Amino acid sequence: MRTVLFGLDGATYSVLDPLMEQGLMPNLQKCRAAGVRCLLESTPLPITPQAWTTLATGRSMGHHGIHDFVRVEQTDSGIILRFNTGRDRHVPTIWKYLSDCGKRITALNYYGLAPAEPVNGHTMPGFVPGRYLKRSSFPADLFSRLEQVPHFDVGVLGLDLDIEKEGLAEMPPDRWEEWIQLHIERERAWFATMEYLMEHEPSDLTAIVFDGVDKLQHLAYRFLDPKYVPANPTPWEAKIIKLCHSYFKQIDNFLGRTLELLGEDGRLFIASDHGFTASDEILYINKYLHDLGHLRWNGEVDVDENESIVVERLTKQMGLYDWRNTRAAALTPSCNGVYILNVPADEYEAFRDKLIEELYALRGEDGGQVITEVKKREDWFAGPWMHRAPDLTLTLRDHGFLSVLNGTDAVVPRKSPVGTHHPLGVLWGVGPGLKVNATAKQCNILDVASLLVHSVGVEIPAEYEGKFPADLYEESYLAANPPNVSWGEKAAPAAAEVQVAQQDTMDSEEELVLTQRLRSLGYIE
Amino acid sequence: MSDVSVEQRYEKDVIEILSELTADWDDLGLNGAMSPDTAIVAELGFESLDVVYLVTSIEERYDRRDLPFEQLLMVEGSYVTDLTVKQIAQFLREQLN
């Protein structure tokens, strides 16, 4: 069945429900009445690269290999950060799988689509600068057709890192309007692309992500979640609230038009990669690790005064630390992780256990525990690629991101709350066979791939790790249209990968044999 | 093949890779043709993400994912501020021959 995946990066019911109640999202309200929805649990690290990759592959991080925007590599020349691309993902996407099964797909603005992979249909990646968008899209002549589309503007569609970073720190009030407006224009450009392709070159599965939801909420969460919206806003606050509402009203218009294009015979799913909430403090984790004696700065390091979590240029960050005399450090803010360095293998477990205790012991100004969960790599990211995850991944009491900068104190209250990722996002479904005006049991983001593959009418690959979310459908529909699992040639590597995850004590010879096996099956390089 | 011609071959390769990479740029800062002395930051206007695409393009061209780019991009633990075509070509010659 013709299916659309309407991706809303970072969408949360805490924002969408009040907007619906205010009458600002009438099409979403219609979906509420005509369809089914549930909470969608994100990946153990709820961020875009990991979560959208999991959604698009049906595999967990340890298997697909994408943990963060960048990955840390220890080399003889020192520690380097390398940006992940689609080539660092080591399992096939649903786009490729469905294409190989003879279905036509369109995937727009998704993370990890660059470099372009040939498919039956179209792909245009997200998170790619405008100057590389054309060469990163498929097919090669796609742009020549899209250039005639109103609002199609590569300069607007592409990623601008400087603009993105503005939204992650304190932004001067006079910048907000232009910054939000830019995201309104970007979404318009992406939707115009999708609208054109749905009308003129329709696919069995059309998928798009609107990432401005995430960007806007990072900056302006306090103007969107009623818990934080000022009762008596200043004129400037009122203007920003109105602009935020314009953004969501536009998304709702896109949704309405999509439903129109899809028709009653099609099925629409709305999914987020994670939810959102408010963060009211900053954890300068490297300041804490320094105070514990685990990290040494490389000389005098400035103290952050702008509620920033990341250095201006990532390449400058590596110069912040005295690597030889550092045993634990946070290297990227988005991964909320601590890397253990320069600790001999026979001391590793003891060092890590002590560090975990120290992390749990950190208290805020109010005496409360700041770090609520410390995830060990092997427990949460098991698989052939788990070495790409940090040794420890932290969950904070306000779900905030770590700052990798130096601070006056380890924990500093924010002047105003900002948006941050929450592990629970949204999943909606509207269309034939799906329940009506219903709330289903919570699903996991691993489940979405099987939902989409089944909706399009293809067997679900056996190696998908999620469960088919049957609770979204009427029983009678599933009885007539059961989700069938494909036990094809991919079943063997799936079993082998599970073995990797389970055998912590595998010796080097066994590891070599298994690695060769996975390589021969095309699972690793 | 002599060292000089090998080096020239890699310089030609790098110029081809850079030309292809910057083909869609409407703000390319270069006046005139690329040469072995062309600096990718000062003259082509490379930013950090552009280096990522350069690395990917090189890996694709030579079908290699294991090149130690840190040896090209880092000196004494810090990232270099610029690179010339000649420096990239020398790195490739050292790694691929």
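The values are calculated or read from the model by the stated rules, or taken from the named source; none is laboratory data. From a predicted model like this one, the values you see are computed outputs, not experimental measurements. FYI the Cβ positions are ideal-geometry reconstructions off the backbone, even for glycines, and counts take in every protein chain you see.
Quick one: how many residues across segment B:61-85 are touching a residue at least 24 places away in the same chain (Cβ under 8 Å) and more than 8 Å from every other protein chain (Cβ to nearest Cβ)?
9
For residues that are within 13 Å of chain B (Cβ to nearest Cβ) and either surrounded by fewer than 23 Cβ atoms within 10 Å (Cβ to Cβ) or at pLDDT below 95 (or both), tally how many sit in segment A:61-73. Break it down stepwise before answering.
Initially, segment A:61-73 is screened for residues within 13 Å of chain B (Cβ to nearest Cβ), giving A:65, A:69-73.
When the remaining residues are screened for being either surrounded by fewer than 23 Cβ atoms within 10 Å (Cβ to Cβ) or at pLDDT below 95 (or both), the result is A:69-73.
Looking only at that region, the number is 5.
Being assigned to a helix (DSSP H, G or I), modelled with pLDDT of 90 or more and either within 14 Å of chain A (Cβ to nearest Cβ) or within 16 Å of A:Leu161 (Cβ to Cβ) (or both) is the requirement here; does B:Ile58 meet it? Walk me through how you get there before you give the answer.
On the way: assigned to a helix (DSSP H, G or I): yes; modelled with pLDDT of 90 or more: yes; either within 14 Å of chain A (Cβ to nearest Cβ) or within 16 Å of A:Leu161 (Cβ to Cβ) (or both): yes.
Answer is yes for this residue.
A:Val4 - would you say it is closer than 22 Å to A:Leu262 by Cβ and either of a type in the set (Val, Ile, Thr) or touching a Pro at 6+ places or on another chain (Cβ under 6 Å) (or both)?
Working: closer than 22 Å to A:Leu262 by Cβ: yes; either of a type in the set (Val, Ile, Thr) or touching a Pro at 6+ places or on another chain (Cβ under 6 Å) (or both): yes.
Against the criterion (closer than 22 Å to A:Leu262 by Cβ and either of a type in the set (Val, Ile, Thr) or touching a Pro at 6+ places or on another chain (Cβ under 6 Å) (or both)), A:Val4 qualifies.
Rundown of residues vs (1) among the acidic types (Asp, Glu); (2) crowded, with 20+ Cβ neighbours inside 10 Å; (3) under 18 Å from the mean Cα position of the chain (by Cα); (4) within 26 Å of A:Glu281 (Cβ to Cβ), yes/no style:
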residue	(1), (2), (3), (4)
A:Pro384	no, yes, no, no
A:Phe401	no, yes, yes, yes
A:Pro423	no, no, yes, yes
A:Asn437	no, no, no, no
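Is it true that B:Leu49 is surrounded by 17 or more Cβ atoms within 10 Å (Cβ to Cβ), more than 10 Å from the chain's Cα centre (by Cα) and either within 23 Å of A:Asn84 (Cα to Cα) or without any contact (Cβ under 8 Å) to a residue 24 or more places away in the chain (or both)?
Numbers: surrounded by 17 or more Cβ atoms within 10 Å (Cβ to Cβ): yes; more than 10 Å from the chain's Cα centre (by Cα): yes; either within 23 Å of A:Asn84 (Cα to Cα) or without any contact (Cβ under 8 Å) to a residue 24 or more places away in the chain (or both): yes.
For B:Leu49, the condition - surrounded by 17 or more Cβ atoms within 10 Å (Cβ to Cβ), more than 10 Å from the chain's Cα centre (by Cα) and either within 23 Å of A:Asn84 (Cα to Cα) or without any contact (Cβ under 8 Å) to a residue 24 or more places away in the chain (or both) - is met.
Would you mind stating whether A:Ala328 is surrounded by 20 or more Cβ atoms within 10 Å (Cβ to Cβ), assigned by TED's automatic domain parsing to the domain that holds A:Val301 and of a type outside the set (Lys, Arg)? Can you show your working first?
Details: surrounded by 20 or more Cβ atoms within 10 Å (Cβ to Cβ): yes; assigned by TED's automatic domain parsing to the domain that holds A:Val301: yes; of a type outside the set (Lys, Arg): yes.
Yes; evaluated as a whole, the condition is true for this residue.
From the set of residues in segment B:34-49 that are within 8 Å of chain A (Cβ to nearest Cβ) and not in a loop (DSSP other than H, G, I, E, B), which is nearest to A:Pro115 (Cα to Cα)? Write out each step before concluding.
Of the residues in segment B:34-49, the ones within 8 Å of chain A (Cβ to nearest Cβ) are B:47-49.
Filter once more, so that each one left must be not in a loop (DSSP other than H, G, I, E, B): B:48-49.
Numbers: B:Ser48: 17, B:Leu49: 14 Å.
Here the answer is B:Leu49.
Looking only at segment A:403-412, filter to residues that are over 26 Å from the mean Cα position of the chain (by Cα) and not hydrophobic (A, V, I, L, M, F, W, C); which one of those is surrounded by the fewest Cβ atoms within 10 Å (Cβ to Cβ)?
A:Thr408
Here is a list: A:Asp100, A:Asp76. Which entry is surrounded by fewer than 23 Cβ atoms within 10 Å (Cβ to Cβ) and away from every other protein chain (no Cβ under 14 Å)?
Values: A:Asp76 fails: away from every other protein chain (no Cβ under 14 Å).
None of the others qualify; the one that does is A:Asp100.
Return a yes/no flag: does segment A:226-237 have any residue that is out of contact with any Lys or Arg (no Cβ under 9 Å at 6 or more places or on another chain) and crowded, with 18+ Cβ neighbours inside 10 Å.
There is no residue in segment A:226-237 that is out of contact with any Lys or Arg (no Cβ under 9 Å at 6 or more places or on another chain) and crowded, with 18+ Cβ neighbours inside 10 Å.
I'd like the full set of residues that are outside any loop (DSSP other than H, G, I, E, B), without any contact (Cβ under 8 Å) to a residue 40 or more places away in the chain and away from chain B (no Cβ under 14 Å), limited to segment A:109-135. Spell out the reasoning first.
So the first thing to find is which residues in segment A:109-135 are outside any loop (DSSP other than H, G, I, E, B), and the list is A:109-110, A:121-125, A:130-133.
Narrowing further to those that are without any contact (Cβ under 8 Å) to a residue 40 or more places away in the chain: A:123, A:125, A:130-133.
Residue satisfying the conditions is A:Thr123 alone.
Do you know which residues across segment A:234-271 are touching a Phe, Trp or Tyr at 6+ places or on another chain (Cβ under 9 Å), closer than 21 Å to A:Glu185 by Cβ and among the hydrophobic types (A, V, I, L, M, F, W, C)?
Correct list: A:Ile240, A:Ile241, A:Leu243, A:Cys244, A:Ile251, A:Phe254, A:Leu255.
Considering only residues that are surrounded by fewer than 17 Cβ atoms within 10 Å (Cβ to Cβ) and in a helix (DSSP H, G or I), which ones fall in segment B:71-85?
The one that is surrounded by fewer than 17 Cβ atoms within 10 Å (Cβ to Cβ) and in a helix (DSSP H, G or I): B:Gln71.
Please verify whether A:Leu362 is modelled with pLDDT under 95 and either touching a helix residue (DSSP H, G or I) at 6+ places or on another chain (Cβ under 8 Å) or in the same structural domain as A:His90 (by TED's automatic domain parsing) (or both), treating the condition exactly as stated.
So A:Leu362 fails the test.
Going by the structure shown, is A:Thr372 at pLDDT 95 or above, more than 30 Å from A:Phe468 (Cα to Cα) and assigned to a strand (DSSP E or B)? Even if it seems obvious, please write down each step before you answer.
Working: at pLDDT 95 or above: yes; more than 30 Å from A:Phe468 (Cα to Cα): yes; assigned to a strand (DSSP E or B): yes.
When the stated conditions are applied, A:Thr372 passes them.
Filter segment B:86-97 for residues that are farther than 18 Å from B:Asp50 by Cβ, away from chain A (no Cβ under 14 Å) and polar (S, T, N, Q); which is surrounded by the fewest Cβ atoms within 10 Å (Cβ to Cβ)?
Here the answer is B:Asn97.
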